[in-house]
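The values are calculated or read from the model by the stated rules, or taken from the named source; none is laboratory data. What you see is a predicted model, and the numbers here were worked out from it, not measured in a lab. Heads up, the Cβs are rebuilt from the backbone with ideal geometry, glycines too, and the neighbour counts pull from every protein chain shown. These area figures cover heavy atoms from the full protein model, side chains too; ligands, DNA and RNA do not enter into them. Shrake-Rupley method; radii C 1.70, N 1.55, O 1.52, S 1.80 Å.
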Amino acid sequence: MTRSIDDTNAATGRILSRRGALTGLGGIGISAAAVALLGGRENLALAAGAEPTQEDITILNTALSAEHEAIAAYQLGAESGLLGQGAKSLALTFQGHHKEHADALAATVKKLGGTAGEAQARYDFATDGLKSEADVLRFAAGLEKGAVSAYLGAVPLFADRELARVAASILGDEAMHWAVLRSALGEAPVPVAFVS
Amino acid sequence: MRIPIGLGVAAVVLLLAGAARADTIPGDVELGAGLYDRCLACHSPARNRTGPKHCGVMDRTAGTLAGYRYSESMRESGIVWTAETLDAFLEAPRKFMPGTKMTYAGVPDPTDRVDLIAYLATLREDAEACR
C-alpha cells in the first residue's frame, strides 16, 4: 500500500512540475501544487464572471486554517508512539499532502492580494481518548471526513470557478485519505455513494 | 414515525443533560450528532478551532465567545442563537450573514437542520461533551 502511494506521489510530482515549467512560474519559490493551481486560475481569469473576490480569499483562509490544524494533528499522531511503521508512514504521507494543500492555499491568497493566515503556535487536541493505533487512525479519519464536508461546502461558494475546481481537487485527496484510513481500521473503505 | 422516536431520544438525552427543553426543541439528537460530522473539520463542542466551540451556543449572542476571533459581521450581528436563527443561519450561512468566515454552503435539508439543532441544544455547559 505504501509503495503505491509513493508511486502516485512521484507521478503527481511529475505532472505538477511539467505544468510548472509550462506556466513559467517554477523558479519563484512557490510549491509545485501552487504553481499548478495558479497557472490554471490565471488562464481562466479572462473569462467573464470568473474574477476572484474578497469572499474567495476568506474561503481560502478558512480552508487554510483547517489545513494547518490537520498538519499539527498528524504531527501529534506521528509522535504519539502509538503508531506502527505502516500507520506512521501513512500519517506522514498524508501530513505531506496537507502541507502541500496549505502551501497552495497560502500562495493563492497572497497572489490574490490577501494575507494568508498563519498556523497557531499550539493546538489543543482532545488527546485523552488516544490510547492505541486504532484510536489515532480513527481520530485522523474523523478529521479527513470533516475535511471532505468542509471542502464540499466551499466548492459552491467560490465566485471564481477555477478556485472551485481547486477546492474539488483537494476534496478528492481528503476523500482518499478518509477511505485509506477506514480501510486500515478494518472498516468498509467507501461506505457511501455520495459524501455530504 | 421518525418524529416521535426522535422526540423520545431527544427527551432522554436532554433529561440526562439536566435540561428541560425537550418540549421546545424537536428533532432527533442521535441523527443530529451524526450530522455534526459535517462540522468537525472546523468545530468541536468543547474547543475553539477554525470555528468557535459549540458548548453553550443555544441562547448565546452570536460572536461573543471570549478567546475566539470572529469576523466583524458575526461580532456585530447582534443575533441570538435560537432554534429559529440557527435554522436560518445553517441553511445558508453566507446568505444569512454576509461576510461571515464560516465559508460553508450550508445544510440544505430542513429535517437535517432540525436534527442538528436538537443536537446543538444538548451542548449545554454542563453536558458530558462540554466538561
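Counting only helices (runs of 4 or more DSSP H) that sit completely within region B:23-103, those holding 2 or more residues that are touching a helix residue (DSSP H, G or I) at 6+ places or on another chain (Cβ under 8 Å) correspond to B:29-35, B:83-91, B:93-96.
Restricting the search to region A:153-174, which residues are part of a helix (DSSP H, G or I), open to solvent by less than 20 Å² (accessible area, probe 1.4 Å) and more than 18 Å from B:R38 (Cβ to Cβ)?
Scanning region A:153-174 gives A:E162, A:L163, A:A164, A:V166.
So that you can scan it fast, the table gives a plain yes or no per residue for (1) within 13 Å of another protein chain (Cβ to nearest Cβ); (2) within 18 Å of A:L64 (Cα to Cα); (3) in contact with a helix residue (DSSP H, G or I) (Cβ under 9 Å, 6 or more places away or on another chain):
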| position | (1), (2), (3) |
| --- | --- |
| A:T108 | no, yes, yes |
| A:K111 | no, yes, yes |
| A:A119 | yes, yes, yes |
| A:D128 | yes, no, no |
| A:L137 | no, no, yes |
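Taken together, B:A33, B:A10 contain a single residue that is at pLDDT below 95 and either out of contact with any strand residue (DSSP E or B) (no Cβ under 9 Å at 6 or more places or on another chain) or within 12 Å of another protein chain (Cβ to nearest Cβ) (or both), which is B:A10. Could you pull out the residue among A:E55, A:E100, A:E162, A:E67 that is within 19 Å of the chain's Cα centre (by Cα), of a type in the set (D, E, K, R) and either closer than 17 Å to B:R49 by Cβ or within 11 Å of chain B (Cβ to nearest Cβ) (or both)? Only one candidate qualifies: A:E67.
Listed residues A:L105, A:L90, A:L76; which is more than 13 Å from the chain's Cα centre (by Cα), in contact (Cβ under 8 Å) with a residue 40 or more places away in the chain and open to solvent by less than 30 Å² (accessible area, probe 1.4 Å)?
Values: A:L105 fails: more than 13 Å from the chain's Cα centre (by Cα); A:L76 fails: open to solvent by less than 30 Å² (accessible area, probe 1.4 Å).
A:L90 is the lone residue from the list that is more than 13 Å from the chain's Cα centre (by Cα), in contact (Cβ under 8 Å) with a residue 40 or more places away in the chain and open to solvent by less than 30 Å² (accessible area, probe 1.4 Å).
Kindly check whether there is at least one residue in region A:120-133 that is assigned to a helix (DSSP H, G or I), within 13 Å of A:A73 (Cβ to Cβ) and under 19 Å from the mean Cα position of the chain (by Cα).
The answer is no; no qualifying residue exists.
Among the residues of region B:107-127, those that are out of contact with any Lys or Arg (no Cβ under 8 Å at 6 or more places or on another chain), in a loop (DSSP other than H, G, I, E, B) and within 14 Å of chain A (Cβ to nearest Cβ) comprise B:P108, B:D109. Restricting the search to region B:38-53, which residues are free of Cβ contacts under 8 Å to residues at least 24 places away in the same chain and basic (K, R)? B:R47, B:R49, B:K53, listed by residue number. Quick check on A:A150: is it within 13 Å of chain B (Cβ to nearest Cβ), part of a helix (DSSP H, G or I), under 22 Å from B:L90 (Cβ atoms) and touching a residue at least 40 places away in the same chain (Cβ under 8 Å)? Here the answer is yes, as A:A150 does meet what is asked. Scanning region A:108-119 for residues that are open to solvent by 70 Å² or more (accessible area, probe 1.4 Å) and either basic (K, R) or not in a loop (DSSP other than H, G, I, E, B) (or both) returns A:K110, A:K111.
The condition of being within 13 Å of another protein chain (Cβ to nearest Cβ) and surrounded by 18 or more Cβ atoms within 10 Å (Cβ to Cβ) holds for only one of B:C55, B:C130, that being B:C55.
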